[in-house]
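Comments concern the structure below.
The values are calculated or read from the model by the stated rules, or taken from the named source; none is laboratory data. Everything numeric in this text was worked out from a predicted model, so none of it was measured. Methodologically, a virtual Cβ is constructed for each residue, glycine included, from the backbone with ideal geometry; neighbour enumeration extends over all protein chains shown.
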Amino acid sequence: MKVLKTALFLAILSIGSIQVNATNELVDPIDELRTQLFDLINHPAFWGNVEYESSLMIRLQINDQGEILVFSTNNPKYDSTVKAMLNYKKIKVHNALKNKPIVFPVKLKRSPY
């Protein structure tokens with residue numbers, strides 16, 4: 001009887017741990033933010049101004065309402081375009097990233113075709 005109880009306890013414990021591990025997918029909040037920002041930046045109006053290859057650093061912050069606030073970029077050529085495309089756009093972001101300054105690097109490559 002004691003062996004049966006122990007085996008049943010171990011079976012329940014292992015099933016519970018398998019279910020917990022299967023549902024806990026750790027998603028990096030920065031990766032989630034990067035995906036959403038690239039979806040917003042991927043716009044023909046923006047890509048028409050891009051040189052063949054350049055890089056850009058975007059300084060931004062997410063407020064409590066989940067809106068993007070762009071402070072500046074390191075390239076004045078793209079500053080107004082990036083601000084127009086991203087400022088006050090709502091995104092879903094982890095609370096750990098809200099109200100903290102974020103520097104977001106972007107590498108721009110234009111297709112030669």
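Across region 51-70, which residue is modelled with the highest pLDDT among those that are assigned to a strand (DSSP E or B) and of a type in the set (S, T, Y)?
If we take residues in region 51-70 being assigned to a strand (DSSP E or B) and of a type in the set (S, T, Y), then S55 is modelled with the highest pLDDT.
Inspect all residues belonging to region 99-112 and state whether any of them is buried (at least 17 other Cβ atoms within 10 Å of the Cβ) and part of a loop (DSSP other than H, G, I, E, B).
Checking region 99-112: not a single residue is buried (at least 17 other Cβ atoms within 10 Å of the Cβ) and part of a loop (DSSP other than H, G, I, E, B).
Looking only at region 67-99, which residues are charged (D, E, K, R) and out of contact with any Lys or Arg (no Cβ under 8 Å at 6 or more places or on another chain)? Step through it out loud before you land on a result.
Going residue by residue through region 67-99, those that are charged (D, E, K, R) are 67, 77, 79, 83, 89-90, 92, 98.
If the condition is that a residue be charged (D, E, K, R) and out of contact with any Lys or Arg (no Cβ under 8 Å at 6 or more places or on another chain), then K77, D79, K83, K89, K90, K92, K98 are the ones that fit.
Specify the residue that is surrounded by the most Cβ atoms within 10 Å (Cβ to Cβ); the eligible residues are those in region 64-79 that are in contact (Cβ under 8 Å) with a residue 24 or more places away in the chain and over 22 Å from K92 (Cα atoms).
Out of the qualifying residues, it is Y78.
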